[in-house]
Structure formats: C-alpha cells, structure tokens
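Have a look at the structure below before the remarks.
Rule-based calculations on the coordinates, nothing more; no lab input. Keep in mind that what you see is a predicted model, and the values were worked out from it rather than measured. Virtual Cβ from ideal backbone geometry, glycine too; neighbours counted across all protein chains shown.
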Amino acid sequence: MFIQKLLKGIYITKKYVLCKVQGILYYNLKNLQGGTIMIKSLSDRVELNNGTKIPGLGLGVFQIPEDQTAEVVKNGIINGYRLIDTAAIYGNEKGTGIGIKEGLKATGLKREDLFITSKVWNNHLTYDETIAAFNESLAKLDLDYLDLYLIHWPGQDAFEESWKALETLYAEGKIKAIGVSNFEIHHLEKLKIFAKVVPVINQIELHPKLAQKELREYAANMDMKIQAWSPLMQGQLLKNEVILDIAKKHNKSAAQVILRWDIQQDILLNVKSVHTDRMISNASVFDFELDDEDMDRINMLNEDLRVGPNPDEFDF
C-alpha cells in the first residue's frame, strides 16, 4: 500500500487526508495548505506530494531530431523555461544534455534551477534492466541526478519490475521524484498493490478533445498531479472555430487559449516547439483569464478523442 497508514482508519499523504469508513476510502480534497495552486508565471512551481516543486509549464522535446535538440533546449532556458522533458525513446537525451549545459552557461543559472524529466522505455524490462536504462539516460544527459523519472507506458502488465527499480533509485537519491505516464485508472489500481511510493505525476494525453475528467478526479483523490502531453492535440485544435472565437475575444492565439484552459484547471503542461518565437508565445498566457463561459464552451468540445496510442491497447 503506497499511502502510509498513520492511525486506524486514517490515511494521509503530504496534502490530503483520506478517511476509511466501513471499508471505503473517502477523500478530503481540501488542500490543507489552502488556496489555489494555479501558476501565475513561467517561473512558478507546483509542489508535488513528496515536497518536490515542479515548474507548471515546461518545454518538451518529443520528435525533435538529436542534432537540433541542443539549440532548442538552450533557447528554451534562455527564454525562461525551467522544466525540460525528454525520454529515452525520443533519441535526443544527449542533445538535451548539451542544450542544458549551453543554457546554463548563457544564463548563469545553476543545475538546481532547472527541473529535468526523462522516461524509461519499459518494454517488459526487468528490475536490473531498468536500473541500467536509467544509468544510460543519465550518462547521455551528462547529469548527476534527475528531478523526475517516469514509467513511459503501462503496456500489458509491463511496469511492476520497472516501478520497483524506480523506487530504489529514488531511495538512493538519484531521482528527486518518480511517476508514471499514460496510466489509466486500472493501471494505477494495480500499481497500488505493490508500490511503496505514490507517483507524484501521471503524464497523459490531455486536451479539449480528450479532457480525461474521471482520471483527473482519481489522481486528485490520490494527491497525484496530472501533466498534459500534446495539449494542442498536435496542432489539430488550432483551427477549431470555438477556440478561435474565444481567442479573438481575448486578442490571443488559439494555442494560448488552450494552454490557459489547462492552467486554470491546475493541469501541468509540457509544450513542444522548435521555434523561439512560438516558445515565447506559448509562455505568454499569464496576462489574461478565461471566464466561466469560455471554460464551459471549451469543456463542451470533449469527445474522448485521442491522437496518440490508447494505453489499454499499446504494448511497445
């Protein structure tokens, strides 16, 4: 069980109290620290369930060629991004590492000013293979530690050994926080059976056409943050008439409206762009607010429509 039992019938994480009555867990979702966690700037961080703080809006490098990644990452850091998200399967961890060093040099920042995420391609890996995969990623990135390391996909029962390896790496201080990606509720339920550490994040495909409301509610109950990948639906939402109408109302771009929709729901974000002007534009989402009508109109766009693989069908 990955929630520590402190008293009979009472379970607690860092921020939420869970009460067990007649065998059923009831969740007190009131943040014990009070107030909203909505980020107000690109530099703002959100506290995860283990006390680690993650920037709310980050730069992803999915599908960026290795030989372009260093320049993209460097420019991202120069322009204020402090979260860089990569993965072993992206094939650009080396370029990401070079870009980190160049970005730090150009800005005078220190390694601890950044938050670096990578993911293990856990294709039915054993415990030892997962440890080896982590060490390989760390070597390519040329870093001493990772801020966050994720199980990339649940696959068909492909994550137990890998999760246990991540727990070891976390206990050894080589990773500041551990989490999962693309996990459905039933995957998380299975993880509970053997996990000793609650994941800090579930990184999932999430955008107005795939709102993931039930999964988001489940994660909130477990004090687990949701982080969106492909928040713009790989660009497919940028010409949506509803989004464009709201963008015109606020004198903003379609992308800025969509990202603001996420931010106002406390959804963490990774956004990819190889163009510096778009990086800057994607971060210019803190000088306006969507009203209730705007939010309702965007919420009505949900169709449970994916552009990426279905986690229940994907097995590497």
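Placing a label point 7 Å from the Cα of His275 along the Cα-to-Cβ direction, the residues of the stretch 68-93 whose backbone N falls under 18 Å from that point are 68-69, 71-73, 75-76, 79. So which residue, out of Thr52, Thr96, Thr117, gets the largest mean-square fluctuation from a GNM of the chain using Cα contacts under 10 Å as springs? So, out of Thr52, Thr96, Thr117, the one fluctuating most is Thr52.
Put a dot 7 Å past the Cα of Ala220, heading toward its Cβ, do the same for Ala132, and the two dots end up 4.3 nm apart. Residues of the stretch 223-250 with an amide N closer than 19 Å to a point placed 7 Å from the Cα of Gln63 along the Cα-to-Cβ direction: 228-240. Computed from point charges on the beta carbon alone (+1 for Lys and Arg, -1 for Asp and Glu), the dipole magnitude for the chain about its Cα centre is near 940 Debye.
If you count Lys pairs in the stretch 78-161 whose Cα atoms are under 18 Å apart, skipping same-chain pairs closer than 8 places in sequence, the total is 6. Classify the stretch 218-310 as rounded, prolate or oblate from the Cα gyration tensor: take a ≥ b ≥ c as the square roots of its eigenvalues, call it rounded if a/c is under 1.5, otherwise prolate when a/b beats b/c and oblate if not. Rounded shape, in that the Cα axes give a/c under 1.5. Neighbour counts of other Cβ atoms within 10 Å put Lys213, Lys94 in the fewest-to-most order Lys213, Lys94.
Counting only Cβ charges, +1 for Lys and Arg and -1 for Asp and Glu, the dipole size of the stretch 213-287 around its Cα centre is about 240 debye. A quarter of the convex hull surface defined by the alpha-carbon atoms of the chain gives 16.1 nm² as the mean projection.
Taking 14 Å as the cut-off, the amide N atoms of the stretch 134-155 that come nearer than this to a point 7 Å along the Cα-to-beta-carbon line of Asn123 belong to 152-153, 155. Between the alpha-carbon centres of the stretch 157-194 and the stretch 276-303 there is a gap of 32 Å. Within the same chain, aspartates and glutamates fewer than 8 places from Lys209 are excluded, and of the rest, those with a Cα less than 12 Å from its Cα are Glu303, Asp304. Need one word for the stretch 47-135: rounded, prolate or oblate. Basis is the Cα gyration tensor (sqrt eigenvalues a ≥ b ≥ c); a/c below 1.5 gives rounded, then a/b vs b/c decides. Oblate is the answer for the stretch 47-135, as a/c is 1.5 or above yet b/c matches or exceeds a/b.
With each label modelled as a point 7 angstrom along the Cα→C-beta vector, the Glu303-Glu47 pair spans 4.1 nm.
Test of the criteria: in the stretch 255-316, which GluC sites (Glu not before Pro) are in a DSSP loop and have at most 13 other Cβ atoms within 10 angstrom of their Cβ? Filter output for the stretch 255-316: Glu289, Glu303, Glu313.
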